[in-house]
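Derivation of every value follows stated rules applied to the coordinates shown; laboratory data play no part. Since the structure is predicted, the reported quantities are computational estimates derived from the model, not experimental observations. Cβ placement follows ideal geometry from the backbone for every residue including glycine, while neighbour counts extend to all protein chains displayed.
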Amino acid sequence: MTEMPPDSRFEVDREAVARYFFRGQVLSMLVIGIWLFGLGLIAAIVHIVYTGPRLTRRQAAELSYWLDGSTLRIDQGVFFLKRKSIPLDRITDVVVVQGPLMRWCGIWGLQVQTAGSGQGVPEATLFGLTEAEQVRDLIMAERERIA
């Protein structure tokens, strides 16, 4: 585990995250398109060719995760910006996950559980961290240090 200075941003594999977002969006559109008897397939084709590559690269570029003193900070979003602050003393668990689509894209997710989040629903998911297990260990160590 490496020590990080305060207010250091965690490194994100943005290309892999963009692939993950793109493939997830395309699969969702295809399933919905088939479910709606083909009406959504045109939207899926337009998304694959035009909007998808640009949008998912921008989504990945806007991701930012870092520790700021006793708080985990998360910035994300393109059209709707979301800035989340999670006090480390509220974090109950940090889980490293990789579903089939994540595995296909070569990324891991870090799910942050807090005392206030619902049963089985993470407060936040950090996508594409290059060293997910080290980040998990660092967050948990900082949480223990503060508590």
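When only Cα pairs below 8 angstrom with a gap of at least 6 residues are kept, segment 1-142 shows a relative contact order of 26 percent. Across the options MET140, PHE79, VAL97, the greatest Cα extent toward the positive end of the charge dipole of the chain (unit charges at beta carbon of Lys, Arg, Asp, Glu) belongs to PHE79. About the centre of its Cα atoms, the chain shows a dipole size close to 680 debye [charges on the beta carbon of Lys, Arg (+1) and Asp, Glu (-1) only; nearest 20 debye].
I want to verify the translational diffusion coefficient of segment 48-87 in µm²/s; compute it with Stokes-Einstein, Rh as the Kirkwood radius over Cα pairs, at 10 °C and 1.306 mPa s.
On the way: Rh = 11.2 Å.
For these conditions, the coefficient is 141 µm²/s.
Positive-end ranking of VAL49, LEU129, VAL17 along the dipole of the chain, with charges on Cβ about the Cα centre, is headed by VAL49. Computed from Cα positions, the angle between helix 132-146 and the longest principal axis of the chain comes to roughly 40 degrees. Using the Cβ-Cβ distance between THR130 and ILE34 with R0 set to 35 Å, the FRET efficiency works out to roughly 0.50. To the nearest ten degrees, helix 14-35 and the longest principal axis of the Cα atoms of the chain are 40 degrees apart.
Between THR114 and THR92, GLU123, the built amide H atoms are under 5 Å apart, and every one of these is 5 or more places off in sequence or on another chain.
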